[in-house]
Amino acid sequence: MTIRVMLVDDQALLRTGFRMVLSAQPDMEVVAEASDGAQAVELAGNTPVDVVLMDVRMPVLDGVGATARICAAENAPKVLILTTFDLDEYAFSALRVGASGFMLKDVPPDELLAAIRSVHAGDAVVAPSTTRRLIDRFTAVMPSLSGEKQHPELTRLTDREREVLLLVAQGLSNGEIARQLVLSEATVKTHVGRILTKLELRDRVQAVVLAYETGLVRASGL
C-alpha cells in the first residue's frame with residue numbers, strides 16, 4: 001500500500017528536500033504540498049492524504065490551527081509535526097489538538113521514514129530522546145486548553161494501568177514496558193488499550209500529554 005503524504009512548510013527548499021527523500025521510497029508518494037496552514041486545510045479536504053508532515057510556524061494559519069481543523073474532519077489523515085524544538089512551543093499544543101506525534105526537522109531520513117510508516121499504521125510517534133525535555137518545558141509555560149489541572153477519569157485506572165501509563169509517558173514501547181514490569185507484550189497492549197478507552201484518548205501521544213498535564217508523572221517522582 002502506498003502512503004500518500006502531504007508536505008506543509010512555508011520554506012520551499014525544505015519541502016523539496018523532504019519530497020526527494022519520500023519520493024525515493026517504493027511505498028510513499030507526495031500527493032500535495034502547502035506553504036501555509038490555510039492551504040493545507042483546503043488541500044486535506046479535497047485530496048486523498050494518509051499522512052501530513054506539518055510545520056508549526058507558518059503565515060496565514062499556523063500548524064496548530066491547521067492540525068486542529070484537519071484532525072476534526074471525518075476520516076482525517078494522520079498529522080506528524082515537524083519542529084525545531086528550541087523555537088516551536090506550539091508543537092505541544094498541536095499534540096493536544098490531534099497530531100499523532102512530533103519529530104525534529106533535522107531528523108535523519110531513516111528515522112523520518114520510520115515515523116511516517118508508524119503513524120500511518122496507527123501508532124503514535126513519541127521519541128524517548130525528546131519526549132521528557134519537550135513536555136517538561138512546555139507544561140511549565142503553556143496554559144491548559146481546558147483550564148483544568150485534574151482529569152477525573154484518572155480515578156478509573158487500576159494501579160497496574162496507572163503504572164503502565166507512567167511508563168508510556170516516559171516514551172517506552174510496549175516491549176520495553178513488558179520487560180520492566182515482567183509482563184507479556186500482549187498484556188501490556190491490553191492495558192494500554194484500556195487506558196486509552198477509559199480516558200477517552202486517541203493514542204499514546206495524548207496519553208503522554210495527559211500524564212504530564214495532570215502532574216501524574218511528577219507526582220510519582222519520574
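The values are calculated or read from the model by the stated rules, or taken from the named source; none is laboratory data. All values reported here derive from a predicted model rather than from experimental measurement. With ideal geometry, Cβ positions are generated from the backbone for all residues, glycine too; neighbour counts draw on all protein chains shown.
Can you tell me which residues in the range 169-179 are surrounded by 15 or more Cβ atoms within 10 Å (Cβ to Cβ) and more than 12 Å from D123 (Cβ to Cβ)? Show your work before the answer.
Filtering the range 169-179 for residues surrounded by 15 or more Cβ atoms within 10 Å (Cβ to Cβ) gives 169-174, 176-178.
Of everything in the range 169-179, those that are surrounded by 15 or more Cβ atoms within 10 Å (Cβ to Cβ) and more than 12 Å from D123 (Cβ to Cβ) turn out to be A169, Q170, G171, L172, E176, I177, A178.
Return the total of residues in the range 180-211 being surrounded by 20 or more Cβ atoms within 10 Å (Cβ to Cβ) and of a type in the set (D, E, K, R).
2
Tell me, which helices (runs of 4 or more DSSP H) lie completely within the range 146-213 with 3 or more residues that are hydrophobic (A, V, I, L, M, F, W, C), at pLDDT below 85 and outside the structural domain of A121 (by the TED database)?
Per the criteria, 204-213.
Take the range 5-17 and flag every residue that is part of a loop (DSSP other than H, G, I, E, B) and either free of Cβ contacts under 8 Å to residues at least 12 places away in the same chain or out of contact with any Asp or Glu (no Cβ under 7 Å at 6 or more places or on another chain) (or both).
Q11
Okay, residues lined up against (1) within 18 Å of the chain's Cα centre (by Cα); (2) buried (at least 17 other Cβ atoms within 10 Å of the Cβ); (3) within 22 Å of L210 (Cβ to Cβ):
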position	(1), (2), (3)
Q25	no, no, no
M28	no, yes, no
E33	no, yes, no
D50	yes, yes, no
C71	yes, yes, yes
F92	yes, yes, yes
